[in-house]
């Protein structure tokens, strides 16, 4: 025991320096861990957890086209996470209000399960050079817990 105490007394400065270096290394590792989070998680975080509702976008597009096909030039649906993007290009003779009604009809063709699970974004555009071309595009959004569509502010 005396040998150990003598060893510690003779090398007190060296032992303190060694303990200090070990503490600095441990603290550095902790600080690096705080600033570098694990980025391997999902893009949308926990928002996608829970019961998933499968959707066949081509089938849904065909269903909507069957209902409103004569009123639009094109329609497409793209799923991104829990968001459905519905892109509609309306005919040149359709007004802003007619276009909004077409979009409501398009959403009405989706099943209740889809409407209750997915947020829906609507992008309505017009290709031609009609008088009301300046009022397009129209953007709408429907949250999965709401019944109504929120539209962009009228111009």
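The values are calculated or read from the model by the stated rules, or taken from the named source; none is laboratory data. Worth saying up front: this structure is predicted, and the values here are computed from it rather than measured. Virtual Cβ from ideal backbone geometry, glycine too; neighbours counted across all protein chains shown.
Here are a few things to note about the model shown:
- Residue match in the range 75-85 (condition: assigned to a loop (DSSP other than H, G, I, E, B), surrounded by fewer than 16 Cβ atoms within 10 Å (Cβ to Cβ) and touching a residue at least 60 places away in the same chain (Cβ under 8 Å)): yes
- Hey, residue 70 more than 18 Å from the chain's Cα centre (by Cα), at pLDDT below 85, in a helix (DSSP H, G or I) and surrounded by 14 or more Cβ atoms within 10 Å (Cβ to Cβ) or not: no
- Failed condition for residue 108, given (1) in contact with a strand residue (DSSP E or B) (Cβ under 9 Å, 6 or more places away or on another chain); (2) closer than 17 Å to residue 61 by Cα: (1)
- Selection count where residues are touching a strand residue (DSSP E or B) at 6+ places or on another chain (Cβ under 8 Å) and part of a helix (DSSP H, G or I), scope the range 133-155: 1
- Of all residues in the range 67-77, those satisfying the criterion of being more than 17 Å from residue 113 (Cα to Cα) and in contact with a helix residue (DSSP H, G or I) (Cβ under 8 Å, 6 or more places away or on another chain) are 67, 68, 71, 72, 75, 76.
- Tallying residues that are within 24 Å of residue 53 (Cβ to Cβ) and in a helix (DSSP H, G or I) within the range 103-132 yields 12.
- Some residue of the range 102-113 being in the same structural domain as residue 79 (by TED's automatic domain parsing), within 15 Å of residue 79 (Cα to Cα), in contact (Cβ under 8 Å) with a residue 24 or more places away in the chain and surrounded by 15 or more Cβ atoms within 10 Å (Cβ to Cβ): yes
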